[in-house]
Amino acid sequence: MDVDGASVGLVSSGQHRSVGASDPIAEAIESTQMTTQEGPCIDAMDTGLPAIEIDLGSMAARQRWPAFAPAALSFGARSVYGFPLMVGNESIGALDLYSREVHLLSDSDVDDALILADMAALAIHGSDDSGQARELGLDAEPDQPWAHLAVVHHASGMTAVQLGISVEEALLRMRAFAFAVDRSLADIAGDIVGRRLRLEVWHRD
C-alpha cells in the first residue's frame with residue numbers, strides 16, 4: 001500500500017494498548033492516541049467505520065483532533081487513516097496507517113486496508129472453533145493465529161473460483177456477509193471450507 005507506516009491498537013477490558021508498530025513514527029502516533037483519546041484509531045473503534053484525515057495541518061483536522069493533530073504533525077505524519085478490527089459487529093481495535101505527505105488513499109487501498117484489518121483481528125482474536133484448522137489438515141495447535149488465516153485464505157480462493165472473481169473481491173464479499181449475519185470472518189471461512197456455505201447462493205439472493 002502507498003503509505004509510510006502502520007500500527008495496531010487493541011482495546012481489551014477498557015484498556016487501550018499498542019500491539020505493534022512498523023517504525024518510531026507509527027509507535028508515537030499510537031501512543032499519542034492512547035494519551036489524548038483522539039485520532040483515527042479512536043474514531044474507527046468508536047464507529048466501526050474507517051477514519052481518514054488526509055491533511056493533519058488543515059483547520060478541519062485541528063478541530064476534529066485538537067490535541068492529536070498537532071502532535072502527529074510534529075512526529076512527521078501528514079495523513080492518517082484508521083480501520084477497525086471487527087469481530088462480528090464488535091470493534092476490538094484498529095489498524096492505523098500514516099503518510100508523510102498529503103495523500104488520499106485509492107479505493108483499492110481502502111479495500112486492502114479493510115482486508116488487512118480483518119486479518120489482524122483474526123490473528124489477535126483467534127477463533128473458538130478448533131475444527132476449522134483440522135478441516136484443512138493443519139498440524140498446528142487450533143489456537144495458532146496462522147491456522148485461522150490459512151482457513152480464510154483457502155475459503156477466499158474457493159469463493160473466487162465459485163463466483164469467477166478475484167481473491168481480493170472474494171475476501172470483501174466474505175467480510176460483508178460476516179457483518180450482515182453478525183458472525184466472525186473465521187466462522188464464515190470455516191463453513192465455506194467445510195462446504196456448509198456457498199456465498200454464490202447468498203449473492204444471487
Filter pass, residue 53 being modelled with pLDDT of 95 or more, crowded, with 17+ Cβ neighbours inside 10 Å and under 18 Å from residue 6 (Cβ atoms) = yes
task = Go over the candidates 61, 51 one by one and state the one that is more than 25 Å from residue 167 (Cβ to Cβ) and either without any contact (Cβ under 8 Å) to a residue 24 or more places away in the chain or of a type in the set (D, E, K, R) (or both).
result = 61
ask   = Within the stretch 80-102, can you find the residues that are closer than 12 Å to residue 3 by Cβ and surrounded by fewer than 24 Cβ atoms within 10 Å (Cβ to Cβ)?
value = 99, 100, 101
task = Kindly indicate whether residue 38 is in the same structural domain as residue 97 (by TED's automatic domain parsing), farther than 19 Å from residue 110 by Cβ and part of a loop (DSSP other than H, G, I, E, B).
result = yes
task = Pick out the one residue from 60, 72, 44, 67 that is over 21 Å from residue 105 (Cα atoms) and assigned by TED's automatic domain parsing to the domain that holds residue 93.
result = 67
query = Which ones in the stretch 1-15 are touching a residue at least 24 places away in the same chain (Cβ under 8 Å) and assigned to a strand (DSSP E or B)?
reply = 5, 6, 7, 8, 9, 10, 11, 12
task = Report yes if some residue within the stretch 114-136 is touching a Leu at 6+ places or on another chain (Cβ under 9 Å), modelled with pLDDT of 85 or more, buried (at least 21 other Cβ atoms within 10 Å of the Cβ) and not in a loop (DSSP other than H, G, I, E, B); otherwise report no.
result = yes
inquiry  = Of the conditions (1) crowded, with 16+ Cβ neighbours inside 10 Å; (2) at pLDDT below 90; (3) of a type in the set (Asp, Glu), residue 2 satisfies every one except a single condition; which number is it?
reply    = (1)
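Yes/no matrix, rows are residues, columns are (1) under 17 Å from the mean Cα position of the chain (by Cα); (2) surrounded by fewer than 19 Cβ atoms within 10 Å (Cβ to Cβ); (3) part of a helix (DSSP H, G or I):
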residue	(1), (2), (3)
19	yes, yes, no
30	yes, no, yes
34	no, yes, yes
43	yes, no, yes
46	yes, yes, yes
60	no, yes, yes
66	no, yes, no
task = Kindly indicate the residue of the stretch 150-200 that is part of a loop (DSSP other than H, G, I, E, B) and small (Gly, Ala, Ser) and also farthest from residue 1 (Cα to Cα) among those meeting that condition.
result = 194
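The values are calculated or read from the model by the stated rules, or taken from the named source; none is laboratory data. All figures in this text were calculated on a predicted structure; none of them were measured in a lab. We place every Cβ from the backbone using ideal geometry, glycine too, and count neighbours over all the protein chains shown.
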